[in-house]
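A short worksheet on the structure shown next.
The values are calculated or read from the model by the stated rules, or taken from the named source; none is laboratory data. Computed from a predicted model, the values in this text were never measured in an experiment. Cβ: placed from backbone, ideal geometry, glycine included. Neighbour counts: every protein chain shown. Remember, those area values only see protein heavy atoms, side chains included, never the ligands or the DNA or RNA. Shrake-Rupley method; radii C 1.70, N 1.55, O 1.52, S 1.80 Å.
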Amino acid sequence: MADRRAKFEVLLTEGAEQDLEAIHDYIADFDCVANANYVLDQLMAVVDSLSRFPERGSYPKELVALGIKEYRQTSFKPYRVIYRVIDSQVVIYLIADGRRDMQSVLARRLLGA
């Protein structure tokens with residue numbers, strides 16, 4: 001039975017899909033496949049939940065500092081999911097370990113810098 005609360009279509013960019021694959025591969029290589037699968041499942045649950053509550057995310061502080069408030073974020077610690085709500089769609093642009101230099105990652109991926 002379909003979830004009647006779902007209002008928004010969630011789309012992952014090619015970059016976000018590659019992010020998920022890279023996170024899974026890294027954890028599988030340096031920890032174990034079971035933990036990699038767990039993290040992937042949790043990240044997908046976060047992504048899926050945006051179909052019901054996309055406005056709940058906060059604005060990434062790195063972008064707010066630049067005066068940009070069109071992107072939001074949610075997380076499964078330490079991973080951050082950066083997205084934008086466009087009409088009835090939620091577009092996921094980036095899924096990254098928040099311990100990275102997020103200023104550089106966001107500038108490269110979202111601002112083309």
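Taken over the stretch 29-38, the criterion of being farther than 19 Å from residue 100 by Cα and either open to solvent by less than 80 Å² (accessible area, probe 1.4 Å) or of a type in the set (Lys, Arg) (or both) is satisfied by 32, 34, 35, 37.
Residue pairs whose Cβ atoms lie under 7 Å apart, separated by 6 or more positions or on different chains, with the first residue in the stretch 19-35 and over 24 Å from residue 108 (Cβ atoms) and without any contact (Cβ under 8 Å) to a residue 60 or more places away in the chain and the second part of a helix (DSSP H, G or I) and not basic (Lys, Arg), are 28/36; 35/27. Among the strands (runs of 3 or more DSSP E) confined to the stretch 70-113, the ones with at least 3 residues that are closer than 21 Å to residue 53 by Cβ, out of contact with any Pro (no Cβ under 9 Å at 6 or more places or on another chain) and open to solvent by less than 30 Å² (accessible area, probe 1.4 Å) are located at 89-97. For the stretch 48-64, the set of residues classified as without any contact (Cβ under 8 Å) to a residue 40 or more places away in the chain and surrounded by 12 or more Cβ atoms within 10 Å (Cβ to Cβ) consists of 48, 49, 53, 57, 59, 64, listed by residue number. The condition of being surrounded by fewer than 17 Cβ atoms within 10 Å (Cβ to Cβ), over 16 Å from residue 109 (Cβ atoms), without any contact (Cβ under 8 Å) to a residue 40 or more places away in the chain and aliphatic (A, V, I, L, M) holds for residue 45.
The residues on offer are 68, 82, and the sole one that is of a type in the set (Val, Ile, Thr) and under 11 Å from the mean Cα position of the chain (by Cα) is 82. Being charged (D, E, K, R), open to solvent by 70 Å² or more (accessible area, probe 1.4 Å) and either at positive phi or at pLDDT below 95 (or both) is the filter here; which residues of the stretch 1-26 pass it? Hits for the stretch 1-26 are 4, 5, 7.
Taken over the stretch 10-36, the residue count meeting the criterion of being assigned to a helix (DSSP H, G or I) and more than 19 Å from residue 89 (Cβ to Cβ) is 15.
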